[in-house]
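What follows is calculated from the coordinates using simple rules that are stated; it is not laboratory data. In this text the structure is predicted, and so the values were computed from the model without any measurement. In this analysis, Cβ positions are derived from the backbone assuming ideal geometry, glycine residues included, and neighbour counts consider all displayed protein chains.
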Amino acid sequence: MKQLITYFGLAYLLSWTIWLPLYGHIFCLTNFPTLPYHHGLGGLGPLFASFLTTWIFQRSEGVKHLIKKCLQVRPLIYLTIALLSPFILVFIATVLNYFVDNSPINISGLLTSKEFPQFNLLTFFIYNLIFFGFGEEVGWRGFALPRFQDKFNALTSSIILTIFWAVWHWPLFFYRPGYTSMDFAGIFGWTFSLLTGSILLTWLFNSSRASVLICAVFHSTIDIAFTADLADKNIVNYMGFLITVWGILTIIIFKPKNLATNEREKNTSP
């Protein structure tokens with residue numbers, strides 16, 4: 001428990017402090033300098049917190065173990081799922097939109113970023129992989145999830161982790177486009193989407209024998225899919241429906257205990 005308290009405290013402190021120049025005006029704190037990709041830099045808080053906490057409690061052996069999981073490519077089937085499934089979801093949602101709403105099939109928005117028009121799909125993927133893939137998943141799944149799974153089943157661990165994950169996003173509601181305009185229903189839907197993502201990430205983590213790399217890739221590609229500048233915004237709603245069905249089927253097929261065909265991953269670091 002001490003490790004989790006230390007980790008979440010550091011993750012919140014680091015990210016919220018880095019983001020302070022972006023939301024400080026809410027508390028009359030102004031004139032802070034901002035850096036290029038400042039929002040992305042805050043995404044590294046969970047990563048730094050996980051390594052700091054691991055060093056505090058487990059020293060170099062624990063850090064080596066965590067790094068090993070960050071570089072674990074296999075099983076390749078799950079890496080392939082993490083890399084391609086969000087884009088397949090976009091295509092299916094676009095086809096659904098065509099048949100239901102008679103809208104033309106157009107997924108060209110996947111190739112560009114509205115926030116970073118200078119990025120192509122590859123550079124946007126690399127940006128997301130560094131700042132939010134590894135930036136978040138080394139902490140949420142690599143550090144916190146196995147420790148929750150020491151005490152709870154995989155589904156309960158995913159739900160608990162979703163709460164801490166959602167709280168971490170708190171400053172974004174003061175400055176981030178898309179967050180600032182959310183009403184109660186929007187916040188509920190966003191929280192539910194986090195829970196669905198958490199379940200699928202737990203499934204990938206446990207099924208891949210704790211590959212943080214695979215979770216980081218999926219986090220990156222799902223972010224790209226849901227923030228893509230798609231021609232018809234109804235596609236996002238269909239994607240939300242599809243990923244919700246995927247999450248429910250994951251629970252039914254793989255069962256809440258492990259959310260995988262194998263035993264759930266627990267804390268095995270030194």
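Excluding same-chain neighbours fewer than eight residues apart, the lysines reachable from residue 233 by a Cα-Cα span under 27 Å are 114.
Largest mean-square fluctuation among 142, 24, 40, in a Gaussian network model of the chain whose springs join Cα atoms under 10 Å apart, belongs to 24. Specify which residue in the list 261, 180, 138 is farthest towards the positive end of the charge dipole of the chain, using unit charges on the beta carbon of Lys, Arg (+1) and Asp, Glu (-1), about the Cα centre. The residue sitting most towards the positive pole is 261.
All other residues with a Cβ under 12 Å from the Cβ of residue 219 taken together, and with Lys, Arg as +1 and Asp, Glu as -1, what is their net charge? After counting each charged neighbour, the total is -2.
Computing volume of the Cα convex hull per residue in Å³ directly from the structure and comparing it against [x] 134; [y] 217; [z] 160 singles out [x].
Tell me the GluC sites (Glu not before Pro) within segment 102-190 that lie in a loop according to DSSP and have at most 15 other beta-carbon atoms within 10 Å. Could the numbers behind the result be given before it?
Values: sites: 115, 136, 137; in loops: 115.
Sparse-neighbourhood loop GluC sites (Glu not before Pro): 115.
Size of segment 40-153 from its Cα atoms: along the principal axes, largest to smallest, the extents are 57, 36, 23 Å. Once the C-beta distance of residue 88 and residue 60 is scaled by a Förster radius of 41 Å, the resulting FRET efficiency is 0.50 to the nearest 0.05.
For the pair residue 192 and residue 99 in one chain, pulling the backbone fully straight at 0.36 nm per residue adds 30.8 nm over the alpha carbon distance. Toward the positive end of the charge dipole of segment 18-173, with +1 on the Cβ of Lys and Arg and -1 on the Cβ of Asp and Glu, the farthest Cα among 102, 160, 126 is that of 160. Shape class of segment 112-209 from the alpha-carbon gyration tensor: oblate, with a/c at 1.5 or above and b/c at least as large as a/b.
Work out the length of the dipole vector of segment 2-254 about its Cα centre, built from +1 on the beta-carbon of each Lys and Arg and -1 on the beta-carbon of each Asp and Glu, and round it to the nearest 20 debye.
For segment 2-254, the charge dipole is close to 840 debye.
In a shell of Cβ-Cβ distance under 13 Å around residue 262, excluding residue 262 itself, what net charge do Lys and Arg (+1) and Asp and Glu (-1) give? Charge balance in the 13 Å sphere: +3. Gain on full extension, evaluated as 0.36 nm per residue between residue 244 and residue 111 minus their Cα-Cα distance, stands at 45.4 nm. Rounded to the nearest 500, what is the chain's calculated 222 nm mean residue ellipticity when only DSSP H runs of at least 4 contribute -39500 (n - 2.57) each, over all residues? It comes out at -21000 deg cm²/dmol, rounded to the nearest 500. Within the chain, the whole DSSP H helices whose Cα atoms reach 27 Å or more along their own axis and whose mean Kyte-Doolittle score is at least 1.0 are 76-101, 184-207, 234-254. Each of 76, 91, 234 was placed along the dipole of the chain (beta-carbon charges, centred on the mean Cα), and the one lying farthest toward the positive end is 76. Relative contact order for the chain: 29 percent, from Cα pairs under 8 Å spaced at least 6 residues apart, divided by residue count.
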